[in-house]
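S.K.: For reference, the structure I am asking about is given below.
Just so it is clear, none of the values below were taken in a lab; they were calculated from the coordinates. What you see is a predicted model; the values in this text were computed from it and never measured. Cβ placement follows ideal geometry from the backbone for every residue including glycine, while neighbour counts extend to all protein chains displayed.
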Amino acid sequence: MLSSDSGEDPMPNPGSNPIPIEDQFSCIVMSDNCEASATRNGSLGNHVGGEIEGAEDKRREWGRTNSVVEVEEGTPSPSSSGYAGERGSSGSDEDEIQELTIDGYVDADGGPPDSQATWLPGKRHVDEDDASISWRKRKKHFFMLSHSGKPIYSRYGDEHKLAGFSATLQAIISFVEGDRVKLVRAGKHQVVFLVKGPIYLVCISCTEEPYESLRSQLELIYGQMLLILTKSVNRCFERNPKFDMTPLLGGTDIVFSSLIHSFNWNPATFLHAYTCLPLAYATRQAAGAILQDVADSGVLFAILMCKHKVVSLVGAQKASLHPDDMLLLANFVMSSESFKTSESFSPICLPRYNPMAFLYAYVHYLDVETYLMLLTTSSDAFYHLKDCRIRIEMVLLKSNVLSEAQRSMLDGGMRVEDLPNDSVPRSGYVSPHMSHSRLPTDSPERFRESYGGTGGPAGLWHFIYRSIYLDQYVSSEFSSPINSSRQQKRLYRAYQNLYSSMHDKGIGPHRTQFRRDENYVLLCWVTPDFEFYAAFDPLADKALAIKTCNRVTEWVKYVENEIFLQGATPFSW
Amino acid sequence: MGLASVSTSTEGVRFCIFDLRRGQHEGQELDKILFFFPADLPFSAQLSVIGLSEGLITFTRIFSPEAACEVIEAERHAHVFHEAESDIWMVMVVEKSKESEAMWRIDALRKVLKEIHSLFVMFHGSIRAMLEKEPGGGLIRSHLYPFIMDYLRACQKRSPLDNCCWDFLVGKKLHLPSFRDCLKERGTVQMLTIGREAAIEVQSLARVLESCVGSTSCYSLVLFQDLLVSTTLSRDDTLNLFTYAVLRLTPHALSSGLSSWSYLRKGSSSSPVAAGSTLARSDSSPEQLYRSHGISPSSDNPYHVARPLQHKKWCKGKDGFLITDIWGVEDGSLISATPTVWLQQTEERMYLCAYQYRSLTLVLLIPVSSILNGEQGISLVKQQVLQNASLKVLKVEEKLSKGWGGENAYHVSGYRYLLVDSYRNVSRASPPGKVTTLTKESLLALSKLREEVDLEKSSARLDTAGPEKDMEVCIRAKNNAWVIARLTRGEELYMILEKANETLLYASDALEKFSNRYCNGAFSLV
């Protein structure tokens, strides 16, 4: 049951394959022999299922989809509401039509950051194409296409129906070739182009995000594609310029749509840093110690995460694990329902680490939100990593790391309302939600009520602190009045603007910036040690705001052992 | 066929005007082109620029039907679009280069396009109207080409030293506004600030001028040096006439073309200056263009084309009125025809009479319809002006000269600033000589900041329901200079403070002081 595509895309003879593909192939064999029989997950494998006979031509898909083991086919768990919405959901349509009538443009991104229940993962509006008015009015399109103009991915609409549109994009890019088109601006719309060898990426947006942000989002989408396929996919285009890549990415819509959604709520996508789950220093040390143990036994990276926040991370080469790679890996794992239901062993590529080669990721969820990722170069390390995981899990349970992590997820991070009054915190003062001895009455709800809509002192609404040395950031929880997802998204876009204004490639980075408009007062400092971004009430007093910023940075320094991962061993910092 | 193949020539600028309603059939694509610079570029290359532009206009309309393509930014070029009239597009392609300081602010380039079009319409009427008059396109092409070439060649930019001028077009290279011009605003009028007493004098002078015509619908403009003193015209007409006056009529503009007398008398062939050779080239180029388009079978230009921007064509007559032969000679006499312009506000054709006394230039606009006997009638009006207003002109000039602080009159020590009132189209800035003391880094930082502000402004414009943009940005750049933008109620203030203290409060204090002292507190926060 070969698809017609595979006929015109002859793959190289296996003997001449580059090493990564060989590795991947052996991985398939290995995972087929796994204790669990490989069945295909609905979200990833449907497309592939019909093409098993084309195995040799489709190794890449195999490598990816085979990695998922022990999933019951076609019966998504009740919790995975995302499944239902994957192929068009009437519920979300209604929302968007409503928005359409409000501002003329459809914004499908409106989901509150952490309550992903209202955001439906996976591709929507597959019935649309470039002739539909609704398609044209979407606020932000993303496209991936090949240099011959074949569609690879589109955020909205069916790729195959967009072949003509894709050819137009290709024509624009190639028409200006010799030079390289970066951006076309028309009214509120920006068309941003990124050429990566034989793969072209395009974003069409009227979200008023700066060019640099949209471009780095395209870079991340490209990175996400590399994470699934590696850069060796370029070779397919060298052999056959008209190569059709869509089958290789079949079923991964959900990974890309989840990444695109994160552009709205995850500051890591523009800060290029990762964030940690706030934990008592000793708790994180305990987690780090057992991960270090495992890393010493031939694991390249051991990462323990709670949703998108890092609990602990160690590695033979920790310095070279780029925050963007962590973002893409976490997105890949979290967006695929299948990882949640069983232990998995999957080939993945870390584009910043080595874009040419696959690594192998052992992924296991320790509870609903906490998952362990063990990365190795060896394709036959499954059983070893499984053993490692069992050891880690035991230690984590024994030392209460998992329950602490769950509690921290519930409590949330720093809140502007909790900013200590003194410029230097009294000795022994630890913000309530950071401390272990937190009283039951100190619930976040109580705090928010008592501050009723004013945010923190001096009209402070929100802040982000990025430690340059650690490649980590901490972002305050959203407080009143930044309550709705729309307000939160707007604030992130304001931060993005500020970030790209500060980090101009030609003349940046600037040192300080103060920016006031009808929505906010924004302040930013870039120092050799940290970058600090804060949002205030637009009527905030400048002098008070500056004072408050200084207090926040002192506060962050004071609790840095709890909010940042300081190093794998207690003395490494 | 990419653009790279055509950009191998030394200059990196392409500039074209095309009409999307023309040349829709295969083989007739050349019909679209109304103007192309450089004219000697092969047609295939010209069509390639226009093809790309047209493609992107169509493409962007899919998503943004209300505002089509405005700019293409490529690695090495920027393509700036301006839809001057419906379906008539002006596109300028500039090469970017860090070495040659070719770093552009797109909005500044677009303002050049707007200025060219506004001036063209003032003298010749709309492009569409001319196309309708002669659908073959020969008429509009024969007007556009010399007009724009004269503009590019003649548009003088003040140098840092203020007494030497240069053109956009030096040799074959265009000098367009770059980041170094970030403390200037094209498309605005610069005003002279005068005291109450002087203002009353000027007002009464304007009344006298208008009474000389005896018609109520006549208008006047008074300039001192290159600054506007008074106007009775609408905002847009004032801007156009002010721009033209500063380009061609003020004492400064006349003296830069000082050789004009000898040039006229001796004839163009003896002109030794380099400009003469490019002039000759441009004279022949349009004909080439028409011939190759197959529009004009004879090599003679069949159209009489007035070239109001032509260099060195104005001079001061004995009676103080400025004279030119640009508009030819009236039939049956040796008197030069008086120039005429279209006013946007009244949609009326007006005679343009300019009188100059020392630093004072008066521009008088008289409805063509009100003067029944042509040049004879005009000279009657001129006589009236000399009789009735001479004394007043003398007095006003004296008064203004006394109060005039010289070229650094509007310098504010410690500040480098640009103040723009976008409602009135008025701007004031630090004198160019002072701006040159700034470092490249500071200027680049402000140019970048202005680009951000431009985007905010344009998106606010598109949100017609949205409130007026009110914002403040203070940036401490890497070189420790403060770069500031402040927008409020249609007024804009841009500043560079280089030797300022490091605290933000110091910078905003400096802004506050400036605002209180020079802007009636318009930019103050409280």
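S.K.: Based on other C-beta atoms within 10 Å, arrange A:306, B:519 from fewest to most. Numbers along the way, then the final one.
M.R.: Working: A:306 21, B:519 18.
Fewest-to-most Cβ neighbours within 10 Å comes out as B:519, A:306.
S.K.: What list of ³J(HN,Hα) values in whole Hz, one per residue of region B:381-395 in order, does the Karplus curve 6.51 cos²θ - 1.76 cosθ + 1.60 (θ = phi - 60°) give from phi, with Gly and Pro shown as x?
M.R.: Coupling constants for region B:381-395: 4, 4, 4, 4, 4, 4, 5, 8, 10, 3, 5, 4, 4, 4, 5 Hz.
S.K.: Within a 10 angstrom radius of each residue's Cβ in B:72-81, how many Cβ atoms of other chains show up on average? Whole number is fine. If you can, show how the numbers build up before the last one.
M.R.: Values: counts 10, 9, 10, 6, 4, 5, 2, 4, 0, 3.
Across B:72-81, the average partner-chain Cβ count within 10 Å equals 5.
S.K.: If you plug each phi of region B:117-133 into the Karplus form 6.51 cos²θ - 1.76 cosθ + 1.60 with θ = phi - 60°, what whole-Hz ³J(HN,Hα) values come out, in order, with x for Gly and Pro?
M.R.: 5, 4, 5, 4, 5, 4, 8, 10, x, 6, 5, 4, 4, 5, 5, 6, 5
S.K.: Further question: What list do you get for A:515, A:493, B:235 if you sort them by fewest beta carbons within 10 Å? Let's see the in-between values first.
M.R.: Values: A:515 21, A:493 18, B:235 14.
With the sparsest Cβ surroundings first, the list reads B:235, A:493, A:515.
S.K.: Further, regarding this structure: Cross-link list A:505/B:478; A:505/B:469; B:316/B:395: which exceed 22 angstrom alpha carbon to alpha carbon?
M.R.: Details: A:505/B:478 12 Å; A:505/B:469 27 Å; B:316/B:395 20 Å.
Distance filter (> 22 Å) returns A:505/B:469.
S.K.: Dividing the alpha-carbon Rg of region B:1-151 by 2.2 N^0.38 Å yields what?
M.R.: Working: Rg = 15.0 Å, N = 151, 2.2 N^0.38 = 14.8 Å.
The value comes to 1.01.
S.K.: Against the 2.2 N^0.38 Å scaling, with N counting residues, where does region A:199-335 land? I'd like the Cα-based Rg ratio to two decimal places.
M.R.: Output field value: 1.22.
S.K.: Which one, B:53, B:104, B:71, projects farthest toward the positive side of the charge dipole computed for region B:1-121 from Cβ point charges (K/R +1, D/E -1)?
M.R.: B:104
S.K.: Amide H to amide H, which residues 5 or more places from residue A:312 or on other chains are under 5 Å from it, using H placed in the peptide plane?
M.R.: Those qualifying (amide H under 5 Å, at least 5 residues apart or on another chain) are A:304.
S.K.: Per-residue HN-Hα couplings for region A:466-481, Karplus 6.51 cos²θ - 1.76 cosθ + 1.60 at θ = phi - 60°, whole Hz, x for Gly and Pro?
M.R.: After applying 6.51 cos²θ - 1.76 cosθ + 1.60, I find 10, 7, 5, 5, 8, 6, 10, 10, 10, 10, 6, 5, 6, 10, 4, x Hz.
S.K.: I would also like to ask the following. Percent relative contact order of region A:274-405, based on C-alpha pairs within less than 8 angstrom and at least six residues apart?
M.R.: 26 percent
S.K.: Let me ask something else. Would you grab the residues whose amide H sits under 5 Å from the one on residue A:196? Only those 5+ places off in sequence or on another chain, please, with H modelled 1.01 Å from N.
M.R.: The list, which skips near neighbours in sequence, is A:201.
S.K.: Provide, for q = 0.16, 0.19, 0.20, 0.23 Å⁻¹, the log10 of I(q)/I(0) from a solvent-free Debye sum over equal Cα point scatterers in region B:416-518.
M.R.: Values returned for q = 0.16, 0.19, 0.20, 0.23 Å⁻¹ are -0.71, -0.99, -1.08, -1.35.
S.K.: Quick one: which residues, 5+ away or cross-chain, put their amide H under 5 Å from the amide H of residue B:500? H built at 1.01 Å from N.
M.R.: B:482
S.K.: Averaged across A:520-526, how many Cβ atoms of other chains sit within 10 Å of each residue's Cβ atom?
M.R.: Numbers: counts 0, 1, 1, 2, 1, 2, 2.
The shielding value for this peptide is 1.
S.K.: Give me A:265, B:89 ranked fewest to most by other Cβ atoms within 10 Å of their Cβ, as a rough exposure proxy. Write down the numbers at each step before the final one.
M.R.: On the way: A:265 20, B:89 24.
Going from sparsest to densest Cβ surroundings: A:265, B:89.
S.K.: Using alpha-carbon pairs under 8 Å, 6+ residues apart, how would you state the relative contact order of region B:378-526 in percent?
M.R.: Working: 174 pairs, mean separation 28.4, N = 149.
Relative contact order for region B:378-526 comes out at 19 percent.
S.K.: Using the scaling law 2.2 N^0.38 Å as the reference, what is the normalised Cα Rg of region A:351-409?
M.R.: Numbers: Rg = 13.8 Å, N = 59, 2.2 N^0.38 = 10.4 Å.
Taking N as the residue count of region A:351-409, the ratio is 1.33.
S.K.: Next question, about the same structure. Which of the trypsin sites (Lys or Arg not before Pro) found in region A:164-243 are in a DSSP loop and have at most 13 neighbouring Cβ atoms, other than their own, within 10 Å?
M.R.: A:242
S.K.: Let me ask you something else. How large are Rg and Dmax for region A:274-405 when only the alpha carbon atoms are used, in Å?
M.R.: Cα radius of gyration and Dmax of region A:274-405 are 13.3, 39 Å respectively.
S.K.: I'd like the mean, over residues of B:47-60, of how many other protein chain beta carbons sit within 10 Å of each residue's own Cβ. Mind showing how you got there, number by number?
M.R.: Details: counts 0, 1, 0, 0, 1, 5, 0, 0, 4, 7, 1, 1, 9, 8.
Averaged over the peptide's residues, the number is 3.
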